[in-house]
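J.: Input: one structure, supplied below.
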Amino acid sequence: MLLILLQVQTMYMLPVKTNVNSSSAPLAPCLPDQAAALLALKHSFNTTDGDSTTFQSWVVGTDCCSWDGVRCDRRDGRITYLDLGGRQLQSSSLEPALFGLSSLNHLDLSGNDFNNSQIPATSFERLTELRYLNLSDTNFAGSVPTGISHLKNLVYLDLSTSFYVVDFDNENHVMYYTSDSIWQLSVPKLDTLLADLTNLEELHLGMVDLSSNGPQWCDYVARLSPKLQVLSLPYCSLSGSICKSLSSLRSLRVIALHYNHLSGSVPEFLASFPNLTVLQLSTNKFEGWFPPIMFQHKVLQTVDLSENHGISGILPTFPQTSSLENLFVKSTNFSGTIPISINNLKSLKKLSLGASGFSGILPSSMGELKSLELLEVSGLQLVGSMPSWISNLTSLTVLQFFYCGLSGPIPSSIANLRGLTKLSLYNCNFSGKIPPHLSNLTRLQTLLLHSNNFAGTLQLSVFSKMQNLTVLNLSNNELHVLDGENSSSSMSFPKLEFLRLASCRMSSFPEILRHQGKIKGLDLSDNQINGSIPSWAWEIWNGSHMFLLNISHNMFSSIGSEPLLPVHIEYFDLSFNNLEGPMPIPRDGSVTLDYSSNQFSSMPLYFSKYLTGTSFFKASRNSLSQNIPPSICSAVSSLELIDLSYNNLSSSIPSCLMEDVSALQVLSLKANNLVGELPDNIKKGCALEVLDFSGNLIQGKIPRSLAACRNLEILDIGSNQISDSFPCWMSTLPKLQVLVLKSNKFTGQVLDPSYNTEDGNTCEFTELRIVDIASNNFSGPLPVGWFKMLKSMMIRSDNETLVMENQYYHGQTYHFTAAITYKGNKMTITKILTTLVLIDISNNALYGTIPKAIGDLVLLHGLNMSHNALGGSIPVQLSNFKNLESLDLSSNELYGEIPQELASLNFLSTLNLSYNMLSGRIPQSPHFSTFSNSSFLGNNGLCGPPMSNQCRNQSETSLPYDSEKNSADVLLFFFTALGFGISFSITVIVILGRQR
């Protein structure tokens, strides 16, 4: 259990009953049964741990009313007050004798460890006088007992677990909490717990699982706790919005709902709460306009909206009467300028203006905030250099400029801020050399200068004076970083915990690490380091817990250790090197493993034993051969991503990779030599979002049990040997966007006429945007009804992300991919834009006409119907495709004119109408004239540029063709009188129809 605490809970002090006539009445001693109960409680703790002085006064035979932490009602000698909070004592469970102290009105057992035991299911209801109950940070587990709900006199209830987050840099952080795991305690029915607690004024349930209450949690609180003053429910898995009924709780002083899943807007009625001092809503999903009047509240001291990317707003004119001490809008959608009136916030200690929408110049009035301890600013449209008034803020301990438009060098005046412990200047446009005067900031613990334009050669030894430095990030600049020049400078270097030197033009493994035994994170990616990781590095790291080890995009040829590494590495990235042999694996586990783009020949030794806690496993583009080891099945319960694509794996797919996958989201086995059939026993609760088996030798049918994967977005089984019919049954998958079946042995019609009559199925794919069924044996006419059902190709959704991707631990982004043919080229789309809309039905045996209904698919970017037997004319409705970039109708039996309206398709860059029977003039427009002769080959009836045969006159057109007849002989006579009507010329044009 971690015993580091984030915060000290506010103590709600309650009066202890005393006898007003105590001067005339004798003081009653502690009753024997009360002393016995306390002694039983004492013996239930392991007194060798925690505060050794706790029970020194608890001696048999002495008056227990005088014992440390104990108070009595002196009229009857019964114990009313017991405070053992924060003693760090340990016990296997809560001693039942405690509940014999039925006169208790104050009980505090917080900050002690009850070893993951459960709170007794019964007995709390015996403490009927209890008004204050604090069981925070006690490492209890299980459901909160209903006995607590019977304590009708309760005014203060705290069952929370404290937590705090340590940020090493903008990508790496770790959360500490005081229990064995998150959400150990739960309240399945919050209304049951609160039903009789109508006197409750403070409710603290941080890290108690309230997820089963759904969005009703808010109404329960508002309806059942009318006297509530403090509502503290951080990290409780809350969902829904802040309900309107909460407006009745006018006495609220503190609202702390951070680290939840709350959505909707922040209601304006909160501004009318007269006593509100803390509004803590960070790390949720709130959206919409934040009422500016909240910032003008007279007594409000803390407003924290951080990490709510959907919240928008502006900073108003601040009144001189403001009480604000902490203002955070980091990672929100706030915009506009920072008002000059910000200097009215005289009490301000922490100010986080980290919203990329801020613009303009930072007002110099900010330099008047003399009490400011933390300043964070971002804004991609902020201009200018770092302002000189920064040096006036001498109380600063944290200064951060990030994701901003500020530029220029770091001013020398920054050295005046001697109290700084954290200086973060990253993802801006700062330039010049890193000034040596930064070394005068000797209290500095964190220095983040990454992702700027700093240049020049930099010796790491310049940081030797900063003996308190624990985090250093110089990555992604124009720097050439050199290691310490000698061993003495390495020994005097500060003891770092996080060192990031990505893209620093380094050519050797840093010798400075020889004396960094406390290192928890190391990033040397994107350099030119070759050879091996030194063996001394593994000796130093032996037994350590590393959050990050990233040596990707270098030229390492050896890991420099046995495959079983003597460490725990949460994020381990070896990708894009020249590493060979068996894959190394951390002995004590890893959350993220990336081995991709190396030359590894075998998977980790004892795969099942060391990957049970791994979520992200990527080993694409290696030299893996033979079978996928069956031992991978023991790790599937935790794995969220498996990518083994582009290897030489053979044999069949282990059934466990598909059949019971409640965690696995992405499975990519493309471009291997896998055989056999796909497993077909997929269970309910399937979490798969991406399945990519393309480029293998898989046979059989698409497993019908795949219908259990309700989150499936991409299915790519192209280039296999699958024999099946078109999977209309997959239209039941509500999120399917990409379906690639190309180069298999599919047969039958795309929409079998009999399918509509079975159970009301319609084959309607509501979200499908990319469909590639090319190079199969589909036959029959194109289904008019099916095109009408592709609604997602007609109307664009407003709530879309730009790229199909998943985010994983440590900011790891996995981009979904698909192998398709686009603009005549076979390609793998490595970043699928959610706006990309494609249909490829080429190389089949489809016939009939192109349905006019296809013109409704106005979002199409690519349409390929080539190499079929499609007849009739080109529908003029294709001119509706204003986004169309590629059109291929080649090698069909199309005839008639090319619709002149196609010349209006200004985005069309690839056109292939070759080898049909088209005739007439090729449409003329500046854009259409860019297409070469090859776009129209094999159409002898076409004329005009870019074809060599010229049209005979401007009005030459092809003759109409009755598409309803299979053959026709049409005889047209044109009689033209010559001269004065004496002679006639008879012109006979015979058009012979064509038999199919």
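J.: Evaluate E = 1/(1 + (r/R0)^6) for residue 397 and residue 940, where r is the Cβ-Cβ distance and R0 equals 60 Å; express this FRET efficiency to the nearest 0.05. Before the final figure, lay out each step's value.
T.: Working: r = 82 Å, r/R0 = 1.36.
The formula returns an efficiency of 0.15 here.
J.: Among residues other than residue 175 whose Cβ falls under 13 Å from its Cβ, what is the net charge (Lys/Arg +1, Asp/Glu -1)? Could you put the intermediate results ahead of the total?
T.: Numbers: positive: none; negative: 167, 570.
Overall, the nearby charge balance is -2.
J.: Related question: In the chain, what % of DSSP beta bridges are antiparallel (nearest 5)?
T.: Values: 31 of 183 bridges.
Given both bridge residues lie in the chain, the antiparallel proportion sits at roughly 15 percent.
J.: Expressed as cubic angstrom per residue, what is the convex hull volume of the alpha carbon set of the stretch 270-318?
T.: Details: hull volume 3.5 nm³, N = 49.
Measuring per residue, one finds 71 Å³ for the Cα hull of the stretch 270-318.
J.: Using Cα centres only, tell me the gap between the stretch 39-73 and the stretch 646-696 in whole Å.
T.: Using only Cα atoms to place each centre, the spacing works out to 61 Å.
J.: Ratio of alpha-carbon Rg to the 2.2 N^0.38 Å globular estimate for the stretch 697-739, to two decimals, please.
T.: Details: Rg = 10.4 Å, N = 43, 2.2 N^0.38 = 9.2 Å.
My calculation over the Cα atoms of the stretch 697-739 gives 1.14.
J.: Please report the net charge: other residues with Cβ closer than 12 Å to the Cβ of residue 35, K and R +1, D and E -1. Show your work: numbers first, answer last.
T.: Working: positive: 42, 78; negative: 33, 63.
Summing Lys/Arg as +1 and Asp/Glu as -1 gives 0.
J.: Between residue 803 and residue 949, what length comes free when the chain is fully extended (0.36 nm per residue of separation minus the Cα-Cα distance, one decimal in nm)? Don't skip to the end; give the middle numbers.
T.: Details: separation 146, 0.36 × 146 = 52.56 nm, distance 4.60 nm.
Roughly 48.0 nm would be gained on extension.
J.: How far apart, in nm, are two points set 7 Å out from the Cα along the Cα-to-Cβ line at residue 849 and at residue 49?
T.: 8.2 nm
J.: Let me ask something additional. Do the sum for the chain: with -39,500 (n - 2.57) for every DSSP H run of n ≥ 4, divided by all residues, what is the mean residue ellipticity at 222 nm, to the nearest 500 deg cm²/dmol? Walk me through the intermediate numbers first.
T.: On the way: 8 runs with 51 residues, N = 996.
Calculated at 222 nm, the ellipticity per residue is -1000 deg cm²/dmol.
J.: Continuing with this model, one more query. Normalise the Debye intensity by I(0) for the stretch 182-310, one equal point scatterer per Cα, no solvent, then take log10 at q = 0.18, 0.20 Å⁻¹ and round to two decimals.
T.: Results for the stretch 182-310 at q = 0.18, 0.20 Å⁻¹ read -0.96, -1.20.
J.: Roughly what % of DSSP beta bridges within the stretch 462-589 run antiparallel, to the nearest 5? Walk me through the intermediate numbers first.
T.: Numbers: 0 of 19 bridges.
If we restrict to bridges inside the stretch 462-589, about 0 percent are antiparallel.
J.: In terms of the ratio Rg/(2.2 N^0.38 Å) built on C-alpha atoms, what value belongs to the stretch 665-715?
T.: Details: Rg = 10.9 Å, N = 51, 2.2 N^0.38 = 9.8 Å.
Rounded to two decimals, the normalised Rg is 1.11.
J.: Filter the trypsin sites (Lys or Arg not before Pro) in the stretch 177-227 down to the DSSP loop ones having no more than 14 other Cβ atoms within 10 Å, then list what survives.
T.: The qualifying sites are 227.
J.: Still on this structure, I have one more. Pick the calculated Cα Rg over 2.2 N^0.38 Å for this structure from (i) 1.12; (ii) 1.80; (iii) 1.20?
T.: Here Cα Rg over 2.2 N^0.38 Å agrees with entry (iii).
J.: Another question, then. Quick check: pseudo-label points 7 Å beyond the Cα along Cα→Cβ at residue 925 and residue 429, how many nm apart are they?
T.: Between residue 925 and residue 429, the simple spin-label model gives 3.8 nm.
J.: Evaluate the distance, in nm, between pseudo-label points positioned 7 Å from the Cα of residue 823 and of residue 27 along their respective Cα→Cβ axes.
T.: Going from the residue 823 label point to the residue 27 one covers 9.0 nm.
J.: Beyond 20 Å, how much of the Cα-Cα pair distribution for the stretch 313-388 remains, as a whole percent?
T.: Percent of Cα pairs beyond 20 Å in the stretch 313-388: 23.
J.: If you roll a 1.4 angstrom probe over the protein chains with everything in place, what fraction of the accessible area of the chain belongs to carbon and sulfur, to the nearest %?
T.: Numbers: 20460 of 40680 Å².
Reported share for carbon and sulfur atoms: 50 percent.
J.: Can you work out the accessible area per residue across the chain, with the rest of the protein chains kept in place, probe 1.4 Å, in square angstrom?
T.: Working: 40680 Å² over 996 residues.
Counting only protein heavy atoms, the per-residue value for the chain is 41 Å².
J.: Which entries in 244/285; 42/227; 520/735; 244/350; 520/618 show an alpha-carbon gap greater than 28 Å?
T.: Listed pairs above 28 Å: 42/227; 520/735; 244/350.
J.: Between beta-carbons, use under 14 Å as the cut-off and find the net charge around residue 259, counting Lys and Arg +1, Asp and Glu -1.
T.: Working: positive: 285; negative: 209, 304, 307.
My count for the surroundings of residue 259 gives -2.
J.: As an exercise, take the mean of 1/r over every pair of distinct alpha carbons in the stretch 549-670, invert it, and state the Kirkwood radius in angstroms.
T.: Averaging 1/r across every pair of different Cα atoms and inverting gives 14.2 Å.
The values are calculated or read from the model by the stated rules, or taken from the named source; none is laboratory data. All values reported here derive from a predicted model rather than from experimental measurement. Cβ coordinates were reconstructed from backbone atoms using ideal geometry, including for glycine residues, and neighbour counts include every protein chain displayed. The protein model used for the area step is the full one, side chains on, heavy atoms only, and it has no ligands, DNA or RNA in it. Shrake-Rupley method; radii C 1.70, N 1.55, O 1.52, S 1.80 Å.
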